[in-house]
Amino acid sequence: MFPSTRRSFLRQSAALGLGLSAGLTHRAFAVNEKIRVACIGVRGRGNSVMNSFAAEPDCAVTHICDVNESTRGQRGKEMKEKTGLMPKLVNDYRSLLDDESVDAFMVATPDHWHALPTIHGCLAGKDVYVEKPASHNILEGKTAVAAARKHGRMVQVGTQLRSAPFMKDAIQYIHTGALGKVIYGRAWETSRNSAVQLVPDSDPPSDLDYDLWQGPAPERPYNRSIVGGAWRWLFDYGTGDLGNDGVHRIDYCRWVMGLEGMPQAICCSGGKFFFEDDQQWPDTQVVTYEYPGKILQYEMRLWSQPRLFGLGEGAAVYGENGWILLTNNSWTAYDAGDKVVRQGDSNPSHTQQAHVRNFLDAVRSRNRESLNQEIYSGHVSTVMCHAGNISWRTGKKLRLDGDTERFDEEAANQYVGREHRKGFELPNVED
C-alpha cells in the first residue's frame, strides 16, 4: 500500500525496497552532460516517443520499463543498435524511484497507468514526460499537479501540438483583432472506427506481468483483446475516444480561443448508437463547455464516413468578423464572407520532436513557464474530457468548481476518483 504523506511514503517505500531520497535536489547539468531517461511503456506510441528522446544528442535512454518481457527485450535490442547503448531492462518502474542515475521518466502506458508513475516520479525527484490524457480520472490528475508543484518538477503532457509553430501563428493572428470578438469554438472527430470485439478470457502469457499491468484498476481475468488495445474502450482502463483523440482537438481549440482555466459548466449528450460491440464508452457524443462569454463544443462520431470541412478531426474558432479552421498541421483564416485571408502550416513529423526538445530544455533550465504543455494545462484539457464523460454517465448538465475540481451533483462526484486496487493506492501529496 502506498502511504498518504510524503514522510510515510519515503518510510514505506524503503520497507518495500523502493527507498526514495528525502532530500530532493535539482541536478545541474553540465553543457555536454546527457539527461538520462527511463521510458515506461514502449509498445506503439511509447516506442515512437522513446525514439524521439533517443534522437536528441543531449539525451540518453538508459532504462526501458515494460511489463512485457518480450517487448522490453526487443526494444532494448533496437535501442542498442540505434544508439550503441544497451538500456537496463526493468519490469516495474517503482524499482527506479530510488535510482539516482535516472533523471526523468517518459510515461506512455495505457491510460489507467498514466498518473501513478507521474506522481511517484515527482515525489522521487524525477521530471516526467507523460502521454495524454494526463490521468484516468480527475483526482489522479489533481494529485499529479500537486506533486509536480510541491517538488518543483518539470512535467510535460504529450499533447504535442502545443509545440507546433503554426498553432502559435494562428494565436498571433487572433491577437491582431482580425476576428473581432471570439465567442465560439467547435472541435471534432468524425472518422470511422472498427467494432470492439473481445475474445474469451484466458491465462496470461508467461512473459507478461499481468498483475502489474492491471495496476490500480479492479482485478479481472486476463483478456488478450483488452491488453492488446481494447482497454481504451473500457471504463476501468481507458477514457473513450473523448480522452484518446478528443483531448488533442479540445486542447488546441481552447488554446486558440484563449481559455486557460476550467470550464464553468459541462453538458454531454450521446451514447452507443451505431456499434453493437463490447465498447463501454459512447460512439457518439456532443459535449458543450461553458466559459464566461464563450462556448466550446466537441463533436464525436466514430461511425461517420462524411467529414466536417473534409477533415476527420480538427477545430474551428469563430469570431464576429471571421473564423479560423485548424487541422493537425495547418490553419486557415476566413473573413466574414468566407474568403481566405491568411494561412500557414508546419511539418507534422517535426511536432513530436519539438515537444520532446521543449521538455528537455526545461529539465535543464528548471523554468516551468517554458514548457509548452505543462502539467496543469494538460490537466485542464484532460479534466474537460473526464467531465464530458461524467456528464454523459450521469445524464446531467454539471457545474464545475475550478478550485476543488468537484461538481454540483453528488451523482457526478462519485466519478471524480476511484478506489485504487491494494498495492497501487493514490498517494496524498497535500500533507
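Quick note: the coordinates plus some simple rules give every number you see, no bench work behind them. Not measured: the values here are computed from a predicted model. Cβ: placed from backbone, ideal geometry, glycine included. Neighbour counts: every protein chain shown.
Counting other Cβ atoms within 10 Å, which GluC sites (Glu not before Pro) in the range 385-431 have at most 12 and lie in a DSSP loop?
Loop-located and lightly packed - GLU419, GLU430.
Near the amide H of GLU313, within less than 5 Å, lie the amide hydrogens of THR190, all on another chain or at least 5 residues away, with H placed in the peptide plane. Structure remark: mean-square fluctuation, Gaussian network model of the chain, C-alpha springs under 10 Å; the largest value among VAL317, VAL145, VAL227 belongs to VAL227. With the Kirkwood sum run over all distinct C-alpha pairs, the range 180-242 has a hydrodynamic radius of 14.4 Å. Model label sites at GLU430 and GLU276, defined 7 Å from Cα along the beta-carbon direction, differ in position by 4.7 nm.
For the range 6-161, a Kirkwood radius taken over Cα pairs fed into Stokes-Einstein (4 °C, viscosity 1.567 mPa s) yields D = 83 µm²/s. Annotation for the range 332-356 versus the range 255-291: alpha-carbon center distance of 25 Å. Grouping the Cα pair distances of the chain into 20 Å bins from zero gives a pair-distance distribution of 26, 59, 15, 0 percent in increasing distance order.
Using only Cα atoms and rounding to the nearest 10 degrees, what angle (0 to 90) does helix 247-257 make with the longest principal axis of the chain? Tilt relative to the chain: about 50 degrees.
Volume per residue for the range 263-324 equals 100 cubic angstrom (convex hull of Cα atoms).
With an 8 Å cut-off on Cα pairs and a minimum separation of 6 or more residues, tell me the relative contact order of the range 6-161 in percent.
Details: 275 pairs, mean separation 31.3, N = 156.
The value is 20 percent.
The peptide list 66-76, 177-187, 304-314, put in order of mean Cβ contacts within 10 Å with the highest first, becomes 66-76, 177-187, 304-314.
Helix 138-150 and the longest principal axis of the Cα set of the chain meet at an angle near 70°.
Annotation note: GluC sites (Glu not before Pro) in the range 79-133 located in DSSP loop regions with a Cβ neighbour count of at most 14 within 10 Å are GLU100. Annotation for the range 215-278: chymotrypsin sites (Phe, Trp or Tyr not before Pro) lying in DSSP loop with at most 10 further Cβ atoms inside 10 Å of their Cβ do not exist. Its Cα centre serving as origin, the chain has a Cβ charge dipole (Lys and Arg +1, Asp and Glu -1) of approximately 700 debye. Highest GNM mean-square fluctuation among ARG162, ARG192, ARG220, for the chain modelled with Cα contacts below 10 Å: ARG220. Our note on the geometry: Cα centres of the range 369-421 and the range 60-135, 27 Å apart. Determine the alpha carbon to alpha carbon distance for each of LYS77/LYS132; LYS132/LYS294; LYS34/LYS88; LYS88/LYS126; LYS272/LYS396 and list only those over 19 Å. As for pairs spanning more than 19 Å Cα to Cα, those are LYS77/LYS132; LYS132/LYS294. Of the residues MET86, MET167, MET384, the one that moves most in a GNM of the chain with alpha-carbon contacts below 10 Å is MET86. Distance from the Cα centroid of the range 137-162 to that of the range 34-59 is 19 Å (rounded to whole angstrom). Extension gain, LYS88 to ASP335, is 83.3 nm, computed as 0.36 nm per intervening residue step minus the present C-alpha separation.
Mind pulling the angle between the C-alpha long axis of helix 45-54 and the longest principal axis of the chain? Nearest 10 degrees, somewhere in 0 to 90. Compared with the principal axis, the helix lies near 70 degrees. The mean sequence separation of alpha-carbon pairs under 8 Å and at least six residues apart, normalised by the residue count of the range 159-224, gives a relative contact order of 30 percent.
Taking Lys and Arg as +1 and Asp and Glu as -1, the other residues whose beta-carbon sits under 14 Å from that of THR118 total +2. Between the listed residues SER304, PRO282, ALA315, the Cα displaced farthest toward the positive end of the dipole of the chain, a dipole computed from Cβ unit charges relative to the Cα centre, is found at ALA315. Normalised by the number of residues in the chain, the average gap of Cα pairs under 8 Å and 6 or more apart makes the relative contact order 21 percent.
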